[in-house]
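So the structure is just underneath, and the comments pick up after that.
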Amino acid sequence: MRILVIEDEHKIANSIKKGLELESFAVDVAYDGDAGYDLASTEPYDVILLDLMLPGMNGTDICVELRKNKIHTPILMLTAKGEVEDRVSGLNTGADDYLVKPFAFEELVARIKALTRRPKEAKQTTLVLADLVVNMMNYEVKRGHTVVELTKKEFALLTYLMRHPGQTMTKEQIMESVWSYEADILPNTVEVYMGYLRNKIDKAFPQSTPLIHTVRGFGYKMSI
């Protein structure tokens, strides 16, 4: 899952980024409204964490412009303002939820997961392909009755592919969705991680049908 944090207080932004990365999210950070809007309007994200008071475009303006341009990425507004009229104003401009600073990190993670489960965004909490089952709530992966241990990046890669069953995903699409914008990715990084994943998901289960497929010259897909 890929998250964009738009927050001008560097300490808060970097703390959120570090915490979410420990939860297996890929996280990009923008420290002003203009940079945040540029990323939000051009890059694919699952959730945007948006501070209300920002240099450049403020949070309200960003919400309005994104919704005006048919970008419906769930937005969680972060602000020190807790008055009812402020919350109502944020929600009326297109935000999906509202969290007042200071907040517990556990609540932030819960709000993010709740946003990705909303029907309109159609994010499943359990992904299934043949005998492979991924539980998005407790990060458990099973093939048949066997638990498969994955690293955080392998888990993010697997869930991305399983959300697009039967579709060939290019290396560029995978990098954009699984790695953060500023990540230092080598040309063969995706190939290396696909190899790790194939070893754990397919080669470790020789009696089961291979699920990870390389489409030569195009990319990768998961199918039966």
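Data table
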quantity: Cβ-Cβ under 9 Å pairs, at least 6 apart or on other chains, region 126-153 side closer than 10 Å to I201 by Cα, far side surrounded by fewer than 19 Cβ atoms within 10 Å (Cβ to Cβ) and among the hydroxyl-bearing types (S, T, Y); calculated: L132/S208; R143/S208; L150/Y139; L150/Y196
quantity: Residue within region 98-108 that is modelled with pLDDT under 90, within 23 Å of S24 (Cβ to Cβ) and among the aliphatic types (A, V, I, L, M) present; calculated: yes
quantity: Those residues of region 190-224 which are buried (at least 17 other Cβ atoms within 10 Å of the Cβ) and touching a residue at least 60 places away in the same chain (Cβ under 8 Å), in sequence order; calculated: I201, F205, L211, K221, M222
quantity: Of residues in region 170-205 being assigned to a loop (DSSP other than H, G, I, E, B) and modelled with pLDDT of 95 or more, the one farthest from S24 (Cα to Cα); calculated: F205
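This table checks each residue for (1) crowded, with 21+ Cβ neighbours inside 10 Å; (2) hydrophobic (A, V, I, L, M, F, W, C); (3) modelled with pLDDT of 95 or more.
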| position | (1), (2), (3) |
| --- | --- |
| I6 | yes, yes, yes |
| I12 | no, yes, no |
| G36 | yes, no, yes |
| M53 | no, yes, no |
| V64 | no, yes, no |
| H72 | no, no, no |
| D86 | no, no, no |
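The values are calculated or read from the model by the stated rules, or taken from the named source; none is laboratory data. Because the structure is predicted, anything quoted here is derived from the model rather than measured. No Cβ is skipped: glycine too gets one built from the backbone with ideal geometry, and neighbour counts run over all protein chains shown.
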